[in-house]
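The values are calculated or read from the model by the stated rules, or taken from the named source; none is laboratory data. Since this is a predicted model, take the numbers as computed values, not measurements. Virtual Cβ from ideal backbone geometry, glycine too; neighbours counted across all protein chains shown.
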Amino acid sequence: MENFKTTVQAFNNLVHEFKFAEALDKYYDDDVVSQDNTNEPTKGLANLRKAVDSFVASSGIEKIELLNSIAEDDLSVAHWHYVFTHPKVGKLDYKQISVQRWKNGKIIQENHFYNLGF
């Protein structure tokens with residue numbers, strides 16, 4: 001089995017390459033809880049998959065750049081730079097902090113923190 005830092009690096013590489021479906025399949029627990037800022041959390045892998053698929057289908061993703069990451073014990077933190085076009089608000093260029101809790105090589109909880117400037 002991969003060590004934790006290698007697992008996190010492999011996960012981050014998939015996100016960077018826009019391979020969201022593969023990341024979901026390989027690195028997310030069936031009972032994952034995912035939350036953006038203070039929005040209602042998305043509970044369960046099936047619901048998260050629907051949310052991610054909807055985002056990808058409606059957004060023109062131009063760039064996802066990993067600026068920095070930390071992986072210790074069962075916690076990973078990534079600092080991302082995103083550029084994409086959202087159908088309702090137009091082009092967005094922002095930084096995001098993503099925090100994931102892991103168990104047995106799978107993400108069980110994640111929180112994304114960002115400010116879109118509006």
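Numbers below:
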| quantity | calculated |
| --- | --- |
| Residue within region 60-67 that is closer than 30 Å to LYS91 by Cβ, under 13 Å from the mean Cα position of the chain (by Cα), of a type outside the set (A, V, I, L, M) and surrounded by 13 or more Cβ atoms within 10 Å (Cβ to Cβ) present | no |
| Pairs, first touching a residue at least 40 places away in the same chain (Cβ under 8 Å) and in a loop (DSSP other than H, G, I, E, B) in region 65-88, second loosely packed, with under 13 Cβ neighbours inside 10 Å and of a type in the set (D, E, K, R), C-beta under 8 Å, six or more apart | ASP74/LYS103 |
| Total residues in region 88-109, condition under 28 Å from ASP73 (Cβ atoms) and crowded, with 16+ Cβ neighbours inside 10 Å | 9 |
| Test: residue in region 9-23 that is surrounded by 12 or more Cβ atoms within 10 Å (Cβ to Cβ), among the acidic types (Asp, Glu) and part of a strand (DSSP E or B) | no |
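Quick grid of which residues meet (1) at pLDDT 95 or above; (2) more than 14 Å from ASN111 (Cβ to Cβ):
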{"site": "LEU45", "(1), (2)": "yes, yes"}
{"site": "LYS50", "(1), (2)": "yes, yes"}
{"site": "ASP73", "(1), (2)": "no, yes"}
{"site": "HIS79", "(1), (2)": "yes, no"}
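Results for (1) at pLDDT below 95; (2) within 17 Å of LEU14 (Cβ to Cβ), shown as yes or no for each residue.
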| site | (1), (2) |
| --- | --- |
| GLY60 | yes, no |
| VAL99 | no, no |
| TRP102 | no, yes |
| GLU110 | no, yes |
